[in-house]
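Presented below is the structure to which this report refers.
Each reported figure results from applying straightforward, stated rules to the coordinates on display, with no laboratory input. In this text, all values refer to a predicted model and were calculated from it rather than measured experimentally. Here the Cβ is made from the backbone with ideal geometry for all residues, glycine too, and neighbour counts use every protein chain on show.
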Amino acid sequence: MNKQKYFLYARKSTEDDDKQVMSIEAQLFELREFARKENLEILQEFQESKSAKKPGREEFAKMLAFVETSKEPIGILAWHRKSDRLARNSIDGGRIIYAVDTSKIVSLRFPTFWFEPTPQGLFMLQVAFGQSKYYSDNP
């Protein structure tokens, strides 16, 4: 059986008073262990210490550029129970949603949550990104 291929993305903001306490190293450990248990192949790891409130994260942009130009569909594995490690702004969230719409991203996995690329799943993803942006907009 072929393993589903994933990019691993770990982020912790050091720019503001983000309530997240898990370090990048701890995220990486948990995500690698999760990938091993779930038989997920990690193609590449991306990590950065920058807020997701505004567009402009270099590693995130690099990862999405790989996704958007890839010849094969890819998944993204990130820590947390929802999408806020990936995006807390409408531009980055929109890029992920569009990559799912165009089948460039076929799976989004989190240790306690996963996303299915169905109309209902896309709707729920948009709601999750909206909640993340709302959380960022309200101090």
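Worth pointing out:
- Between Gln47 and Ala10, the built amide H atoms are under 5 Å apart, and every one of these is 5 or more places off in sequence or on another chain.
- Extended-chain gain in nm, criterion 0.36 nm per residue less alpha-carbon gap, Thr102 and Glu72: 9.6 nm
- Cα gyration tensor shape for the range 4-137, rounded if a/c is under 1.5, else prolate or oblate: rounded
- Net charge over other residues, Cβ less than 11 angstrom from the Cβ of Leu43 (K, R count +1; D, E count -1): -1
- Charged side chains reduced to their Cβ positions (Lys and Arg at +1, Asp and Glu at -1) give the range 4-137 a dipole of some 120 debye around its Cα centre.
- Distant-in-sequence amide H partners of Ala87 (H built 1.01 Å from N, under 5 Å): none
- 222 nm mean residue ellipticity, helices alone, for the chain (DSSP H n ≥ 4; -39,500 (n - 2.57); rounded to 500): -13500 deg cm²/dmol
- Amide H to amide H distances under 5 Å link Lys53 with no residue, where only residues 5 or more positions off or on other chains count and H is placed in the peptide plane.
- In plain terms, the residue of Leu28, Leu125, Leu77 with the fewest other Cβ atoms within 10 Å comes first and the most crowded comes last, giving Leu28, Leu125, Leu77.
- Gaussian network model of the chain, springs between alpha carbon atoms under 10 Å - residue of Arg36, Arg57, Arg88 with greatest fluctuation: Arg36
- Computed lengthening from Ser23 to Glu59, 0.36 nm per intervening residue step minus Cα-Cα distance: 11.3 nm
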